[in-house]
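Report on the structure given below.
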Amino acid sequence: MTDAFVHSFSVIIPTLNEAHQIGDRISHVRRLNNDAEIIVIDCASTDGTPEIARAAGANVHMSVEPGRGQQLKVGGEVAGGDVIIFLHADTHLPETAFTAIDKELSDGSKIGGNFRILFDGDSDFATWLNDFYAWFRSKGLYYGDSVIFLRRSVYQDLGGIMPYTVMEDFDLSRKMERLGGTVCIEDDPVVTSSRRFKNRHPTAIFAGWCVLHGLYYIGLSTRALGWVYDNKRRRTSAR
C-alpha cells in the first residue's frame, strides 16, 4: 500500500514468545505503511522472538520488568510518531487501517480511539464474543486487543500508560473517554485470536470480567488485580 499519510505512525507490539507469528505481523504492518515506525517490546522471550523481529525490520527494545503494561510504557517512551498504535501480536490489521486512522484524525477534533473487533473462527463462541465486544464498546468500553490508537501529544498529556500487571489498556481507554473525542472505526474491523478463551464457558468469562472490573472500580491495587487474574487463568488452564 502506497498511500501518502498526513500523520507519522509508531506501532508498538508487546511480545512474549511470539516467534511463530511476529515476523508475519511486522511484514503485514510494513506492507500497509512502509514508513511506520514498528517498535517491538519484548519481555524475556526464550524462542527467538527478538531476533526474528529485528530481522523483519522492527526496532526491538527489552523490558526489564515483566507485564504488558510495563512493555507498553517502554514503547510509548521511545515512540516518535505523531500517532501511537498499540497492536497485539495476535491481532491482524485491516488493509485500510492507517488510511482510516489518518482520516479520522485529520481535522484535529479527535484524539484517538480503537477498531471494531472480530474474533477468528466460525464457532458459536466466537460469534458470542463478537456480539459481547460490540455491546461493550457501545458503552464506551474497550481493551487493547481492539487496537487502541491516539495522538502522541495526547498520550503524553495523559501521563502515558500505567505499568500495571493487568487492566493497563482499560485504564488508558477510560482516560481517553473522559477526555473525549474518541472514535471506533467500524467499517474495517481488526481480527484477533480467540486462543485465550479456548475451553472457557461464556458465563465464566463474563463473570470473570465483572469481578475484575468491579475490583478495578472500587480501587483495588493493580498488583492485587494481577494476582486475581493470574490465579484465575492458572485455574482455567489446569482444567
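Conditions (1) of a type outside the set (Lys, Arg); (2) within 26 Å of Phe119 (Cα to Cα); (3) open to solvent by 70 Å² or more (accessible area, probe 1.4 Å); (4) over 15 Å from the mean Cα position of the chain (by Cα), marked per residue:
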site	(1), (2), (3), (4)
Val6	yes, no, yes, yes
Ser10	yes, yes, no, no
Arg25	no, yes, no, no
Ile38	yes, yes, no, no
Asp42	yes, yes, no, no
Thr46	yes, no, yes, yes
Ser63	yes, no, no, yes
Ala89	yes, yes, no, no
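Residues that are of a type in the set (Ser, Thr, Tyr), touching a residue at least 24 places away in the same chain (Cβ under 8 Å) and outside any loop (DSSP other than H, G, I, E, B): does segment 32-48 have at least one? Spell out how you get there, then give the answer.
Start the filter on segment 32-48 by keeping residues that are of a type in the set (Ser, Thr, Tyr), which leaves 45-46.
With the extra rule that they be touching a residue at least 24 places away in the same chain (Cβ under 8 Å), the set shrinks to 45-46.
Within this subset, residues satisfying the condition of being outside any loop (DSSP other than H, G, I, E, B) are none.
Taking every residue of segment 32-48 in turn, none turns out to be of a type in the set (Ser, Thr, Tyr), touching a residue at least 24 places away in the same chain (Cβ under 8 Å) and outside any loop (DSSP other than H, G, I, E, B).
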Residue by residue through segment 124-157, note down the ones that are among the aliphatic types (A, V, I, L, M) and open to solvent by 40 Å² or more (accessible area, probe 1.4 Å). Ala134
Top-ranked residue in segment 190-210 [being part of a loop (DSSP other than H, G, I, E, B) and within 17 Å of the chain's Cα centre (by Cα); ranked as nearest to His92 (Cα to Cα)]: Ser193
Exception for Lys73 within (1) at pLDDT 95 or above; (2) open to solvent by 20 Å² or more (accessible area, probe 1.4 Å); (3) within 22 Å of Tyr143 (Cα to Cα); (4) touching a Ser or Thr at 6+ places or on another chain (Cβ under 6 Å) falls at (4)
Listed by first then second residue, the pairs whose first member lies in segment 122-141 and is basic (Lys, Arg), whose partner is open to solvent by 20 Å² or more (accessible area, probe 1.4 Å), with beta carbons under 8 Å and at least 6 positions apart or on separate chains, are Arg137/Arg116; Arg137/Cys184
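The values are calculated or read from the model by the stated rules, or taken from the named source; none is laboratory data. All of these numbers come straight from a predicted model, not from anything done at the bench. Cβ coordinates were reconstructed from backbone atoms using ideal geometry, including for glycine residues, and neighbour counts include every protein chain displayed. Keep in mind that these areas ignore ligands, DNA and RNA; they rest on the heavy atoms of the full protein, side chains included. Shrake-Rupley method; radii C 1.70, N 1.55, O 1.52, S 1.80 Å.
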